[in-house]
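See structure below.
The values are calculated or read from the model by the stated rules, or taken from the named source; none is laboratory data. Everything numeric in this text was worked out from a predicted model, so none of it was measured. Cβ placement follows ideal geometry from the backbone for every residue including glycine, while neighbour counts extend to all protein chains displayed.
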Amino acid sequence: MIAEHIGRPIQLVAISEEQAVEGMCQAGMPEPLAQAMSSLNRVIAAGWVAEVTDDAPRLLGRPATTWTDFAAEHRHVWQ
């Protein structure tokens, strides 16, 4: 979807959890927080938080932004 909005192909580069933690630490994130983020990534990858709810629209008081709209509105970030 991002590629469609920026007009060029993009490629996912898979990295290990260790590489992700190392990269976060190199970017200045404290190691305990990097480990916590890695743990959250495992939860997401396992599909434990894949349930769709109406929480966002209820809390925001408006419809949630779709991924397509988000990608279109923020395409400048990836260009």
Query raised in the report: Restricting to the range 20-44, what's the tally of residues that are of a type outside the set (S, T, N, Q), surrounded by 10 or more Cβ atoms within 10 Å (Cβ to Cβ) and within 30 Å of Gly7 (Cα to Cα)?
Result: 4
Query raised in the report: Quick one: in the range 27-56, which of the residues that are of a type in the set (A, V, I, L, M) and closer than 17 Å to Ala14 by Cβ is modelled with the highest pLDDT?
Result: Met37
Report summary line: Flagged pairs (Cβ under 8 angstrom, 6 or more apart or on separate chains; first in the range 4-23, in contact (Cβ under 8 Å) with a residue 40 or more places away in the chain; second surrounded by fewer than 11 Cβ atoms within 10 Å (Cβ to Cβ) and in a loop (DSSP other than H, G, I, E, B)) are Ile6/Gln79
Requested in this report: Residues being within 25 Å of Gln79 (Cα to Cα) and small (Gly, Ala, Ser): count how many of those fall in the range 10-46.
Outcome: 5
Query raised in the report: Among the residues of the range 44-59, is there at least one that is touching a residue at least 24 places away in the same chain (Cβ under 8 Å) and over 16 Å from the mean Cα position of the chain (by Cα)?
Result: no
Report task. Give, as residue ranges, the helices (runs of 4 or more DSSP H) completely inside the chain that count at least 1 residues that are touching a Phe, Trp or Tyr at 6+ places or on another chain (Cβ under 8 Å). Result -> 2-6
